[in-house]
């Protein structure tokens, strides 16, 4: 039970879920986070397919991806079974799927050089607030590559970067204790920073908010 509780805390932290939320709200948030991660994975997957040069390579990559999806779903089922019938089971299920999906995004991005593959491209910032502000400015400008300076591809690909979205009159930014908050019509986005071993801060988790 201690191991499961620790894993739950890790999932809550990685998903940007607040401990003040009810269990139902945390379950919903975990599902929401997975859906965004899954959309990001599909974008990276399609981009990777375009880098393959023949049908045989494409066939093998598709087979590998289908096998990985089966593993991810089976792993999530197994992990959530530790809380079988409990109210936190959905949090374990969707939290595990989201975590594995983000890991898969990183794997594909590194293999096909989609995103900040070199360490020097992901320079980080001096504080969580600085990292969040850099991320916001990249989003506002509609320039995805700038966001890679403070966030991994698994975070960046969750959002649609465009000048049209960046020029929206409802788009606003405010610093928070954890990083920053981007508000727009219909919702917002909490950005959570984390300090790396190099002493630099990066956006490692996001929380989508719907009005």
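No lab work stands behind these numbers, since they all come straight from the coordinates. Bear in mind that the values here come from a model prediction, so they are computed numbers and not experimental data. Because the Cβ atoms are built from the backbone with ideal geometry, glycine has one as well, and the counts that use them run over all protein chains shown.
Label-to-label distance, residue 137 versus residue 198, with points set 7 angstrom from Cα along the beta-carbon direction: 1.8 nm.
Subtracting the Cα-Cα distance of residue 145 and residue 171 from 0.36 nm times their residue separation leaves 7.4 nm of extension gain.
The convex hull around the C-alpha trace of segment 124-202, projected and averaged over every direction, spans 4.7 square nanometres. Ordered by the number of other Cβ atoms lying within 10 Å of each residue's own Cβ, fewest first, 144, 195 fall into the sequence 195, 144. Centre-to-centre separation between the Cα atoms of segment 57-129 and those of segment 168-203: 22 Å. Across segment 21-96, the mean sequence separation of Cα contacts (distance under 8 Å, 6 or more residues apart), normalised by length, yields a relative contact order of 49 percent. When 191, 91, 100 are arranged by Cβ crowding within 10 Å, least crowded first, meaning fewest neighbours, the order is 100, 91, 191.
Here residue 183 and residue 50 are evaluated by their C-beta separation; at R0 = 41 Å the FRET efficiency comes out at 0.75.
Its Kirkwood hydrodynamic radius, worked out from the mean inverse distance over all distinct Cα pairs, puts segment 61-135 at 14.8 Å. Each of (i) -0.29, -0.78, -1.24; (ii) -0.26, -0.70, -1.18; (iii) -0.37, -0.83, -1.16 is a candidate for log10 I(q)/I(0) by the Debye sum over Cα atoms at q = 0.08, 0.13, 0.17 Å⁻¹; the one calculated from this structure is (i). Take the Cα of residue 59, step 7 Å toward its Cβ, do the same at residue 23, and the gap between the two points is 4.9 nm. Helix-only arithmetic for the chain: the sum of -39500 (n - 2.57) across DSSP H runs with n ≥ 4, divided by the residue total, places the mean residue ellipticity at 222 nm at -18000 deg cm²/dmol.
Put in line by how crowded their Cβ is, counting other Cβ atoms within 10 Å and starting with the fewest, 28, 53 read 53, 28.
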